[in-house]
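The values are calculated or read from the model by the stated rules, or taken from the named source; none is laboratory data. None of the values given here were measured: they were computed from a predicted structure. Please note: Cβ atoms are built from the backbone with ideal geometry, for glycine as well, and neighbour counts cover all protein chains shown.
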Amino acid sequence: ARGKLRAEVVVLGAGPGGYTAAFRAADLGKQVVLIERYSTLGGVCLNVGCIPSKALLHAAKTLTEAKEADQYGIHFGRPEIDIGKLCSWKESVVGKLTKGLSMLAKQRKVTVIHGAGKFANSHLIEVETSDGIETVSFEHCIIAAGSSAARIPILPDNECIIDSTGALALTEIPPRMLIVGGGVIGLEMATVYHALGSKISIVEQMVQLIPGADADLVKPLHKRLKAGCEAIYLNTSVSRIEVDGKEVQVFFEGEQAPEPQRYDRVLVAVGRRPNGKLINAEAAGVSVDEHGFITVDKQMRTNIAHIFAIGDIVGDPMLAHKASHEGKIAAEVIAGHKVAFDARTIPSVAYTDPEVAWMGLTETEAEKQGIAYEKAVFPWAASGRAITLARDEGMTKLLFDKTTRRILGAGIVGAHAGELISETVLALEMGADMQDIGLTIHPHPTLSETVLFSAELAEGTITDLY
Ligand code: FAD
């Protein structure tokens, strides 16, 4: 063991929050130690989250597009899927990025320790490494220990019941699979396994899929999933699962609950729990709430002045770009900069087919809060670009203030919605109004024009769709 280390800044956890914080602190001249229990850097996002899921979704998209090319006279025949090769490719994508992070750490002289870290006191962390306990004393600490998949306590421990990490491991294509949880992670995995040939059912206890997004945005996605899936059960939850050899029998409850069904696999994607209870935070005096979240102020400071926390462990939305933004702020505050978290919005994207993206105020929130908003909706059936893609089921919606006409929120459903939403985020950050967007020349024919057309509809500079 290296024994005792001293750090100006120690970062606990090397996910998108932790590595961003560590790199920023090092760039600002701090001597940094980064502690990570996994063998690679990158956290959930790179190893078992954002990146492997997007690699598999890309493969799924290739399959779907090949199948749907039939409609314009191109026939590929039945695809042959080599699961082993698909898996190695996904792993190579992850490997490229995690190796890149190790290099970036080295370049910045960030000391990386692999092992599980726990607070011993308010200036000391003990790390259990493969060759013994190592201690790191620190001036400042940034807790970035992230989150883990939530479990449903009543479900038995069985290899047929998997979480997102198991689903991403992709060892086989189960003939029949149930996805428990109609949120973003569950629906992304549903999209992957459906394209690979599994018969998919989805059960969600709320009234709609992706409960955080407006219903009109989710509708085109729901419609397409419904056409491809075996069943979508809303307002329904799983009450019991019985394991029977290589199959499981699932019992449902709720007014529209179906009869018990048999599946080969059940993927539980019912949210994520913060890891706040796993780091012995109380030894440092850091308050952790009953769920495992750590409360921070706008400078990402915990109740202990020299200890900061960022990312999934400080609360929703549990998103990588929120974690990394917070990481930069914590590092800069430690370096003495006068900065704080003041982003006006954190965009959300479901990389499903079609994609759903939203930012700022949703219509549901606007109505609940009694905000005087107006909206402009541009259906993609009138977008030349969407029609050339043979995918015109999307829509672009802008919400704006009735008086100032400034953008308040946006929602987009359709191909590449995740890319398209950024323009509206910038508009919100810049305080743009409908005229600003409407007077901005967008390239033709693109899907980004649908943002322009929505603003023009709002301004009355186009009235009819052409
Ligand atoms: P994490 O990424 O959770 O990293 C925390 C790190 O801390 C981990 O590496 C962990 O091993 C380490 N750690 C924890 N405790 C200790 C300890 N005691 N000692 C040492 N190390 C420790 N977000 C998006 O924005 N876009 C997406 O497309 C997206 N897709 C996702 C898909 C899936 C399947 C999943 C599960 C999540 C997805 N997310 C996505 C969410 C995203 O992964 C998280 O929001 C993000 O990783 C949070 O970053 P973080 O730095 O807070 O923590």
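Among the conditions (1) part of a loop (DSSP other than H, G, I, E, B); (2) at pLDDT 95 or above, Glu456 misses just one, which is (1).
Considering each residue of the stretch 434-450 in turn, none proves to be part of a helix (DSSP H, G or I), over 22 Å from Ile371 (Cβ atoms) and out of contact with any helix residue (DSSP H, G or I) (no Cβ under 9 Å at 6 or more places or on another chain). Among residues of the stretch 397-415 that are acidic (Asp, Glu), those with a Cβ under 6 angstrom from a residue that is modelled with pLDDT of 95 or more, sequence gap 6+ or separate chain, pair up as Asp401/Leu408. Across the stretch 326-346, the number of residues qualifying as under 11 Å from Ile142 (Cβ atoms) and of a type in the set (Val, Ile, Thr) comes to 3. Picking from residues in the stretch 204-241 that are charged (D, E, K, R) and crowded, with 20+ Cβ neighbours inside 10 Å, the one that is nearest to Ala417 (Cα to Cα) is Asp214.
Every test in (1) within 16 Å of the ligand (Cβ to nearest atom); (2) touching a residue at least 60 places away in the same chain (Cβ under 8 Å); (3) among the aliphatic types (A, V, I, L, M) is passed by Leu155 save one, and that test is (1).
Tell me which of these Glu80 doesn't satisfy, since it passes every other one: (1) under 30 Å from Ile313 (Cβ atoms); (2) charged (D, E, K, R); (3) not in a helix (DSSP H, G or I). For Glu80, the exception is condition (1). Of the residues examined, Gly186 is one that is within 16 Å of the ligand (Cβ to nearest atom), in a helix (DSSP H, G or I) and of a type outside the set (Val, Ile, Thr). Candidates in the stretch 132-148 are the residues that are more than 12 Å from the ligand (Cβ to nearest atom) and among the small types (Gly, Ala, Ser); of these, the one that is surrounded by the most Cβ atoms within 10 Å (Cβ to Cβ) is Ser137. Filtering the stretch 234-257 to residues that are small (Gly, Ala, Ser), in contact (Cβ under 8 Å) with a residue 24 or more places away in the chain and not in a strand (DSSP E or B) leaves Gly254, Ala257.
Here the condition is being hydroxyl-bearing (Ser, Thr, Tyr), modelled with pLDDT under 95 and over 18 Å from Gly311 (Cβ atoms); of Thr171, Thr135, Thr129, it holds for Thr171 alone. Suppose the filter is in a helix (DSSP H, G or I), within 28 Å of Ala269 (Cβ to Cβ), basic (Lys, Arg) and more than 7 Å from the ligand (Cβ to nearest atom); does Lys54 pass it? When the stated conditions are applied, Lys54 does not pass them. Condition (residue is in contact with a strand residue (DSSP E or B) (Cβ under 8 Å, 6 or more places away or on another chain), part of a helix (DSSP H, G or I) and buried (at least 18 other Cβ atoms within 10 Å of the Cβ)) applied to the stretch 407-414: is it met by at least one residue? Checking the stretch 407-414: not a single residue is in contact with a strand residue (DSSP E or B) (Cβ under 8 Å, 6 or more places away or on another chain), part of a helix (DSSP H, G or I) and buried (at least 18 other Cβ atoms within 10 Å of the Cβ). Considering the stretch 88-117, and only residues there that are within 27 Å of the chain's Cα centre (by Cα) and assigned to a strand (DSSP E or B), the residue that is surrounded by the most Cβ atoms within 10 Å (Cβ to Cβ) turns out to be Gly117.
Out of all the residues in the stretch 155-178, is one or more outside any loop (DSSP other than H, G, I, E, B), surrounded by 23 or more Cβ atoms within 10 Å (Cβ to Cβ) and touching a Gly at 6+ places or on another chain (Cβ under 7 Å)? No: zero hits.
Total residues in the stretch 1-30 satisfying the condition of being buried (at least 17 other Cβ atoms within 10 Å of the Cβ), away from the ligand (no atom under 12 Å from the Cβ) and over 10 Å from Val136 (Cβ atoms): the figure is 6. The residue of the stretch 341-351 that is surrounded by the fewest Cβ atoms within 10 Å (Cβ to Cβ), among those that are part of a loop (DSSP other than H, G, I, E, B) and within 11 Å of the ligand (Cβ to nearest atom), is Ile346. In the stretch 353-379, the residue that is farthest from Met395 (Cα to Cα) out of those that are assigned to a strand (DSSP E or B) and out of contact with any helix residue (DSSP H, G or I) (no Cβ under 6 Å at 6 or more places or on another chain) is Glu374.
The single condition among (1) within 9 Å of the ligand (Cβ to nearest atom); (2) in contact with a strand residue (DSSP E or B) (Cβ under 6 Å, 6 or more places away or on another chain) that Leu46 does not satisfy is (2). A Cβ distance below 6 Å, combined with a sequence gap of six or more or placement on separate chains, defines the contacts here; from the stretch 205-233, residues that are on the phi > 0 side of the Ramachandran plot and at pLDDT 95 or above reach residues that are β-branched (Val, Ile, Thr) and not in a loop (DSSP other than H, G, I, E, B) in the pairs Ile210/Val218. One residue stands out among those in the stretch 319-336 that are more than 23 Å from Ala427 (Cβ to Cβ) and in contact (Cβ under 8 Å) with a residue 24 or more places away in the chain: the one that is nearest to the ligand (Cβ to nearest atom), which is Ala323.
A quick yes/no check of all residues on (1) more than 18 Å from Ala350 (Cβ to Cβ); (2) within 16 Å of the ligand (Cβ to nearest atom):
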{"site": "Ile210", "(1), (2)": "no, yes"}
{"site": "Ala213", "(1), (2)": "no, yes"}
{"site": "Val218", "(1), (2)": "no, no"}
{"site": "Thr236", "(1), (2)": "yes, no"}
{"site": "Gln249", "(1), (2)": "yes, no"}
{"site": "Gly254", "(1), (2)": "yes, no"}
{"site": "Arg262", "(1), (2)": "yes, no"}
{"site": "Glu290", "(1), (2)": "yes, no"}
